[in-house]
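The values are calculated or read from the model by the stated rules, or taken from the named source; none is laboratory data. In this text the structure is predicted, and so the values were computed from the model without any measurement. All Cβ positions, even for glycine, are placed from backbone atoms using ideal geometry, and neighbour counts span all protein chains on display.
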Amino acid sequence: MFSKEPDPEPMGVPLGELQTILQSTTLKSKLKNNCLEVSYENLTAVLTVEKPPGAKETNQEVEAIVSIKTFLPKEMQEIFSKPAFLMDHANRMATFASLIRDDEGVYLGSRLTIYKDEPGWNIYFPLLLYSLICTNEIFNHTLRYMFKPESESTEVSEVSKWTNQDFELTKLYLEEISLCNVGGLGFTAEFGIEQDDVSTVAGHQTALWRMFADQPHPVMGGGLFCILELPFSFEESTLLTVINLLNKSEMNLDDLPPHFGAWTIGNRKDNPAYVSFLPNIMHSEAKNIQVNMSMWANARVQSAKSILSLNKYI
């Protein structure tokens, strides 16, 4: 009998198109059933397309969940066995994926929820593509930077492609749902924890969302650094548990905002924060993605609140 060729577009996800572009790089890729494997040096990323077991009632029906997992080699597993190292040092430098520890081991993870008649492929396709192209390489460079900073150049001459004009556009989208402002190559917004919460100045509980065009990544160079800080405080041991729980929850087969970043320790040192970094290539390849990132951050506040409430942390 003849073996059936893998579907190049399972559930509407263009795996074949992704592979075609990857073939023009030095990466090795293999298309399988509902899956695309991409190898780089000592790491292999596996992009999987799955049908959600039971989508919640939403305005649009969930068509598929796309996840990218890159399991670390055995010799690296022990390095990342310490929660503090994993949650603080490694995930603080996250770009397109978070380091997650669960029963399967330690892996780099990203996730994307796809709806029927999905309108967001102009943003989603570049995210998936550059996650596959960059994540493994970024991780290897990040490891070298973390353990031997002098081996990686930290003199960044590349200026961010994002400007205050991009942030002003974002403000137009967000100013009706949040208190926000622009200035100094940065954007700031407050997202209420409860429905009527508006600002900490008014005594409300809010999450702080900020984007910076003047904070280059030590490995990637110029781009857009994003950070969402939750207002909840925890003791150190509980905080590390909470952060890993939030990172694991981001990979759930559920209707959640896209996960291309990582939960880590916030600037207050006792709160969880979600960080992402978009390299300059994403400014042109995923036009106005900073608007999407802001909308996803707003939704992420509520999904994180639900997870923490369900697990009785808040």
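Being hydrophobic (A, V, I, L, M, F, W, C), in a helix (DSSP H, G or I) and buried (at least 17 other Cβ atoms within 10 Å of the Cβ) is a description that does not apply to Ile227.
Considering only residues in region 98-108 that are more than 15 Å from Thr48 (Cα to Cα) and in contact with a Phe, Trp or Tyr (Cβ under 8 Å, 6 or more places away or on another chain), the one that is surrounded by the most Cβ atoms within 10 Å (Cβ to Cβ) turns out to be Ser98.
Here Ala262, Ala213, Ala202 are screened, and the one residue that is modelled with pLDDT under 90 and of a type in the set (A, V, I, L, M) is Ala202. The number of residues in region 134-163 that are modelled with pLDDT of 95 or more, of a type in the set (S, T, N, Q) and surrounded by 16 or more Cβ atoms within 10 Å (Cβ to Cβ) comes to 1. Does Phe125 satisfy being modelled with pLDDT of 95 or more and either outside the structural domain of Ala262 (by TED's automatic domain parsing) or buried (at least 21 other Cβ atoms within 10 Å of the Cβ) (or both)? Against the criterion (modelled with pLDDT of 95 or more and either outside the structural domain of Ala262 (by TED's automatic domain parsing) or buried (at least 21 other Cβ atoms within 10 Å of the Cβ) (or both)), Phe125 qualifies. Scanning region 11-37 for residues that are on the phi > 0 side of the Ramachandran plot and either touching a Phe, Trp or Tyr at 6+ places or on another chain (Cβ under 8 Å) or touching a residue at least 60 places away in the same chain (Cβ under 8 Å) (or both) returns Met11, Gly12. Across region 109-138, what is the number of residues that are more than 15 Å from Glu50 (Cβ to Cβ) and of a type in the set (A, V, I, L, M)? Residues in region 109-138 being more than 15 Å from Glu50 (Cβ to Cβ) and of a type in the set (A, V, I, L, M): 6 in total.
Applying a threshold of 9 Å to beta carbon distances and a minimum spacing of six or more residues, or different chains, the list of pairs starting in region 285-314 at a residue that is within 17 Å of Cys180 (Cβ to Cβ) and ending at one that is of a type in the set (Asp, Glu) and in a helix (DSSP H, G or I) reads Asn288/Asp166; Gln290/Asp166; Val291/Asp166. Residue-level analysis places Thr48 outside the set of residues that are modelled with pLDDT under 95 and assigned by TED's automatic domain parsing to the domain that holds Val106. Of the residues in region 278-292, not one is among the basic types (Lys, Arg), farther than 26 Å from Phe71 by Cα and more than 18 Å from the chain's Cα centre (by Cα). What do you reckon, is Leu31 surrounded by 14 or more Cβ atoms within 10 Å (Cβ to Cβ) and touching a Gly at 6+ places or on another chain (Cβ under 8 Å)? Taking the combined requirement at face value, the residue satisfies it.
If you filter region 87-114 down to residues that are touching a Lys or Arg at 6+ places or on another chain (Cβ under 6 Å) and under 18 Å from Ser276 (Cα atoms), you find that the one that is modelled with the highest pLDDT is Gly109.
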